[in-house]
Every structure is written in structure tokens, then in C-alpha cells.
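Participant: Below are the C-alpha cells for one structure; questions will follow.
Where a number appears in this text, it was derived from the coordinates with a stated rule and is not lab data. None of these values were measured; they are calculated from a predicted model. Reconstructed Cβ throughout: ideal geometry from the backbone, glycine too, with neighbour counts over all protein chains shown.
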Amino acid sequence: MIVQVFTGVVVVYLFSRLIKFGRQYRKWLHLSSKITAFGKRHPIWGHLHLFENMQQYLRIAIDLEQRTRTRCYHGWIMFFFPFFAVCHPESAKVLLKSSEPKPRYTIGGSYRILLPWLGDGLLLSDGRKWERNRRLLTPAFHFEILRPYVQIYNDVSNVFLEKLQKACDSKQSIEIYSLVSLATLDTMLRCSLSYHGRVQEMGNSHPYVDAVHKLVRLAIKRMMSPWLYLDFIYGLTPSGRENKALTNYVHQFADEIIQSRREALKADPDLIKTRRRDFLDILITAKDESDMGLTSDEIRAEVDTFLFEGHDTTASAISWAIYSLAKYPEIQEKVHQELVEVVGKRQQLEWGDLNELKYMSMFLREVMRMHSPVPVIARHLTKPVVIEGVEIPAGFVIDIPIHAVNHHPDVWPDHMEFKPERFEDEAKLSRDPFSYFPFSAGSRNCIGQNFAMNEQKVVIGSMLKRFKVSLVEGHVYEEFPDVVMRSKYGIKINLEERK
């Protein structure tokens, strides 16, 4: 009797849930019918059968907007759940101007995959915690803090240039994406933690460098494997166990440096006044209006976030800038000529040079339009939002494929032409400021964008002062977007020393 009653309750419950889902499903069908479809929908897989990775996804999105000039589109995750995306600046602006958080615990919320490693730092946190920590971290990017970093950029560039010099002397081509990635991680470690660990010289043999690169690869692999999204399933796999071990190591690495710095500042409170302050100093000493500082876990989360976000995205931008210089020799000479006029015979760039490099700024902005360092971001709706006349309910994740926005024909009709001049005298252009946002936009824009731009200028400027670069005949240069815009087969260049 008890079994029969229990079975009946279960059947009624499941039937009621099925009815509720059916009603919701009809609403989703009606909603999606008002928005351009991503492609032909499979009865089981939805639109997942159309792409295996981010590269294929963005190709379809860009082709769709070029053919239809749509500003937003929808697709289906298998047969039962729709997803939405905006691919036009006007549509993206609605989300970017809002305070909607990044998706972490929803279907399609791939940001959560990074949580065990990066913690609840600025990249992933939201609400009052994000607002508080953003206020506390803003002083870390004041120009008085950024100014001394220029010497670090130069020191890191010197090591990078010596690697290029060896390739130049041997008259061998060299793959630069991996070298640039090491250089930007070296910069992050020096600027954030004052850590000098011969990162570029040791390469992936350095345990921290190896761990960070493996964690990125594991995150990308998991993002493309929806069946591994559940933590308890992922934890049973070899990749899950490796991810846990690597996460524990990078946390231990940061914790030891943080604890050592805490003890040093406690023993000598005036220490911070006698040397260059780094990111960690500011994190440890920051206090809010209630005189509360950041906890050890919060400090580690911000350090890990800064190291990850700061090195990978900047490495992408610099690598594609070098590719663009090599592909367009006439533009390369314009950038070099400006360097000669501003920097003169000096090999190293100084703080005062950076704002004078007007053409280089235009060039770098065009690089980040053509090859978006962060191809896709997303927001999680906590309340309904009207986009292009359609109300999308709360609870959905909306993708913002920055790479597709940067190629929308309504804003960039000649989107495949590389033209730095399109950013000349930006203040006089009628273009909406939300039409171009390589560092995101709105309240959640990248707090370190000036840091990143300065670093790019110093690395590119130092390289062009010494070398001419050209592409390697026969090598395939192909974008491969994942967390950042990578190169599928690497970026190979030839080097010629300037006289």
C-alpha cells in the first residue's frame, strides 16, 4: 500500500513537472520565433550539431549577420533549451549598460568552470561584493602606480627580444605566440607579485607556467563538453583530477607569496613607502569604508584573476599585432617611423612616450577589432530585458560575441579591410562608444585596460626598434577562438635586424 501511494505521488509530481515544462516550452517556441535562427535546427541536438568549437560558432554568427544584417539571434541547446545572442552594438549596449552579472550557475554558464581556479574575483563576482572589490582595486590602476611598470615592460621585452635575436642570427623563422604568452605572464608575475622566476628562460619547465597553461587547456576542453559540466562527474574523470591537482598547486603558489608579503609588511609597515608598490601591496592594505580589508581568499582570487586575465588576453593582442605588422609592411613602416620620431635613438620606451604614439594606438585598436582578444562574453538576466523589440525573460544567458560585433556590416561595411585610420580622431566620429569594446564596456569594463595598452606599446615598440618582421611563406595563419583569440597553427615570422 505504501509503495503504491509513493509511486502515485511520484507519477503525479513528474506529470505536473512535465505539464509545467510543456507550457514553458511553448512560450520559448513563441519567443524564439520572433528572433533570427542560428541555423537549421536538429530535432534532438538543436543547433549544437552545427559547431564543435568556438571557431565554427563565430564563423556561423558572422556569416549570419553578413547575410541578414540581424542584430540578435537564437539557437537551441539540444531540443529543450534556447540560447540567445546579440551581435550588433545597439543590442549589446542594452546589456553592457546594465548591471547584469556574468553567468555562473545556469545552463550555458561556462564561467563557472573557472570558479575553482579563479575564485570569486572581479571577473566572476557580482552584486555588492563586486562593487566593493572594484572600488578597492581601482587605485591599483592609477597612473602613478602604472608609471613605474614601464620599466618592467622594458625588462621583460629585453628577454623576449633576445629570443628573437637568436632566431634572427640563425636566419630561422620563429613561432611567437608561445613566446609572447610567456612574456606577458612574466610581466604579470613581476607587476602583481614582484616575482622574478626566470619565467621566459624556463618556459613551460617552470611549474607555475606549466600549471597555468594546462588549466587553460582543461577549461577550454570542459567548456566544449557539456556532459562534463556537473562537478561530481567531472571530478571522476582524469581531466577533473588533473584540474584539481593543478588548482591546488597554483593556489599554494599564490598563498605562499601572499603570506610572506603579509609578514614582511607586518614586520615593517614603512616597507611599502621605500619601494615600488605592486598589485599585492595594494590588495593587502586596501580598506573599505568600514575599515575592512580583503580576506586571504579574496586576495588570492584577485591575484589569480589578474594573472590569468592579464597575461592571456594581452598575449593574444600582441601576437596578432605582430602578425598584422608582418602582413602589412607599409603599416609596419608607419608604426616604425612614428617610433623614430617619438623615441629617437633610445631602444627603450618611457612613460612620456606612450601617449605620443598616436598611430600605434590606432593600429592596436584595429588589431583588436580584427582579431578580438576576447571573442565572446555573456550576461545572465536577473530581470526581463527588451532587445530589438523582443522581451527576453529573466533566467536566460545572452551571449555577446564581441568578434561578431566587430565585424557587423552596419558598423564596419569594409570589416575585412585592415585600416588603422578608421580610429583616427575618434572624438569627432559619430560612432557610438559602444560600437567598439575590446575591453568590454559599461560598469564591468576591464579595470586593467590602460595597463594592457601600455604593455602592448612597449613590447611592440621595443621589437620594431630592433627588427623588421615578415610572414613565413606557406605557413597557415588561422584564428582559433576559445577563451581568447588564439592561432590554430601558431604565428610564425621572419626577422631582419634594422640597421
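Participant: Counting alpha carbon pairs within less than 8 Å and at least 6 residues apart, what relative contact order, in whole percent, applies to the chain?
Facilitator: It rounds to 23 percent for the chain.
Participant: Right, here's the next one. Quickly work out the residue 33-to-residue 496 label distance, labels modelled 7 Å from Cα along the C-beta direction, and quote it in nm with one decimal.
Facilitator: 6.3 nm
Participant: Right, something else. For region 356-373, just list the computed ³J(HN,Hα) in residue order, Karplus coefficients 6.51, -1.76 and 1.60, θ = phi - 60°, integers in Hz, with x standing in for Gly and Pro.
Facilitator: Each residue of region 356-373 in turn: 7, 7, 5, 5, 4, 4, 4, 4, 5, 5, 5, 4, 6, 7, 5, 10, 3, x Hz.
Participant: Further, regarding this structure: What shape does region 189-274 take by its C-alpha gyration tensor, where a ≥ b ≥ c are the square roots of the eigenvalues and a/c under 1.5 counts as rounded, a/b above b/c as prolate, and the rest as oblate?
Facilitator: In terms of gyration-tensor shape, prolate.
Participant: Can you tell me the 0 to 90 degree angle between the C-alpha axis of helix 149-169 and the longest principal axis of the chain, rounded to 10?
Facilitator: Value to nearest ten degrees: 80.
Participant: Another question, if that's okay. Spelling out what I want: for every residue of region 71-85, take phi, set θ = phi - 60°, compute 6.51 cos²θ - 1.76 cosθ + 1.60 (Karplus), and round to whole Hz; glycine and proline get x.
Facilitator: Those phi angles translate into 9, 7, 8, 10, x, 10, 8, 6, 9, 10, 8, x, 10, 10, 8 Hz.
Participant: On a 0 to 90° scale, report how tilted helix 449-466 is relative to the longest principal axis of the chain, with both axes built from alpha carbons and the result rounded to the nearest 10.
Facilitator: 40 degrees
Participant: Can you find, among 193, 58, 416, the residue farthest towards the positive end of the dipole of region 24-497? Put +1 on the C-beta of Lys and Arg, -1 on that of Asp and Glu.
Facilitator: Looking along the dipole axis, the top candidate is 58.
Participant: So which lysines can residue 358 reach, going by Cα to Cα under 18 Å and dropping same-chain residues fewer than 8 places off?
Facilitator: 334, 419, 428, 457, 465
Participant: Straight-line reach from residue 273: which lysines have a Cα under 24 Å away, not including same-chain ones fewer than 8 places off?
Facilitator: Once the sequence-local lysines are set aside, what remains near residue 273 is 287.
Participant: What residue among 454, 438, 481 has its Cα farthest toward the positive end of the dipole of region 428-498, where the charges are +1 on Lys, Arg and -1 on Asp, Glu, each on the Cβ?
Facilitator: 454
Participant: Between 0 and 90 degrees, rounded to the nearest ten: what's the tilt of helix 238-267 against the longest Cα principal axis of the chain?
Facilitator: On a 0 to 90 degree scale, this one is about 50.
Participant: Which ³J(HN,Hα) values in Hz, rounded to whole numbers, follow from the phi angles of region 385-390 under the Karplus curve 6.51 cos²θ - 1.76 cosθ + 1.60, where θ = phi - 60° and Gly and Pro get x?
Facilitator: These are the phi-based 3J(HN,Hα) values: 10, 9, 10, 6, x, 10 Hz.
Participant: In terms of modelled amide H atoms, which long-range or inter-chain residues lie less than 5 Å from the amide H of residue 480?
Facilitator: 486, 487, 488
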